[in-house]
Amino acid sequence: MPLGRLAMLLSFPPEIVGMIANWCPLRTQASLACTCSRLYEVCNAVLYRSDVQNHGSSSVFHAIVRCTDESVALRILKAAARGGADLTQCQDFYGVRSVIHEPSQIGVHSPLCLAAGRGLDSIVRFLVGFGIDPDGPGGIVTPPLFQAIASRREFTAAWLVSCGASLAWPHFPRNALQAAILNNLPSLTVYLAKWTDLDINEPAVVGSSSVVLALRSRQPMMVPHVIGLGADVEEPLWQLCRDQEWRYVIGLLEAGSIRLAKVLQIRGCLDLALFVAMQKVQSYDKGLQTVVLDRIMTLQAALESDDQAGQAGQAGQAGQAGQAGQAGQAGQEGQATRPKEVTDMLEGLLQRMLSIDRADLEVAAVLLRHGVKLPPGIYIDLLEALDKMKLDEYREKIVYQHPKLLKSFDFVFSHCSGMSLESRDATTNYFLHRVPARAVELIQRIKDQGLPLTAHGLRQLINRANGIIQNR
């Protein structure tokens, strides 16, 4: 602008200058604002007013989203506020929709949500101090607090909570505490659990407990945090077992073993072991199921050892020091003695796992590793079935009636044969003595041919044998 016209413009009152600037193009308004301080005061207000009317307060959007320096962005927002900019909602001047999907209409954003989701604490404080509701304007889908939590802005979220932001949101599946757990924010989780009215054991709308949310955060340290805050572990453990989410069960058993030991005790571990062992799972999950069972049995063994040590200590206090010392030494040298009720139930479980109609060999192997002995009932069932197979015409029929017979027999016979002479009891020796030699030979022939120990494998073996005879 020529200096003469500029001097004439400066001679006018501010109101007249503002009216003239309103009729100027946007670039001219910006140039006038950069000319001198007097025109800046007038034209800056005109620019921001025009931005509000024509561009949806795009200056606010670009200050928060595009500006890389938080202090510069804050100065822009303060200037925009002085110029009359709308700090409750803003739009992208270029029409680019934000990645944060909280607007009620396309391209409209909440400045507080934008700042909270980016962790711009000074801007969040300025907006709340300016009078913006900590929950943001009405009509948004996700409020600022949950934007901060979803973006893992822990300090920003805690500050919004201290300002009175709502800890739950209509139609939102989780409250702030549950969202903090799921997004792996341990400090915010502790703050919300201790200093707000949120209950650590309140289930989410989707049905997940705090412990399950911590497991799904895929951050191992979140589980001890949640358990330390008093979260229930027993019911989530049972629910995970019912849902056969074995990976989460393993994580909970690793992170919460101390708490679970106090809650479950020996009887609870036994019930859980029986339940897990009886679950029928897909083949690709079998390995995880056996790992879970092994962890539960290990926890039960530790509880049995502690219980036995406690009984030995009480006996020593009662004056039976010699007997207590012997019991303690026995507990250290070998496995803790199980209560008879527990022993009977585990042996019954093992018998069912090795029955001629089930033959769950993976679970049976875990039970044997933990000292469960083969009960006589297994030997009796196997010997009865093998006796019926002595005649060739009944052999295939029996295997078809009991498809798991060959697998069960092979497992039990191999286990008993591999035992040392000193460890075999009378029933084991009786079983090995009564096993028909033809049954052992049949199993070996099927294995040598690389066939499965099933009715189909037996049929293939017979067909191959008949083929050889016919060729001769």
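Here, each number is a calculation from the coordinates, and none is a lab measurement. All figures in this text were calculated on a predicted structure; none of them were measured in a lab. Backbone-built Cβ (ideal geometry, glycine too); neighbour counts: all protein chains shown.
For the pair S423 and E362, label points projected 7 Å from Cα toward Cβ lie 2.4 nm apart. For K78, which aspartates and glutamates qualify as cross-link partners when the Cα separation must be under 20 Å and same-chain residues fewer than eight apart are set aside? In chain and number order, the partners are E41, D51, D69, E70, D86, D92, D121, D133. Note on T189, T454: ascending count of other Cβ atoms within 10 Å places them as T454, T189, the fewest first.
Neighbouring Cβ atoms within 10 Å as the yardstick, rank F409, F146 fewest first.
Numbers: F409 27, F146 31.
Neighbour counts put them in this order, fewest first: F409, F146.
Let me have the relative contact order for the range 233-312, percent, based on Cα pairs under 8 Å that are six or more residues apart. Walk me through the intermediate numbers first.
On the way: 52 pairs, mean separation 28.1, N = 80.
Over the range 233-312, the number comes to 35 percent.
Distance cut-off 19 Å, Cα to Cα: go down the list K340/K404; K407/K447; K280/K388; K262/K340; K286/K404; K340/K373 and report the pairs above it. Over 19 Å apart, Cα to Cα: K340/K404; K280/K388; K262/K340. Straight Cα distances below 19 angstrom link K194 to the aspartates and glutamates E154, E202, D232, with same-chain residues fewer than 8 positions distant left out.
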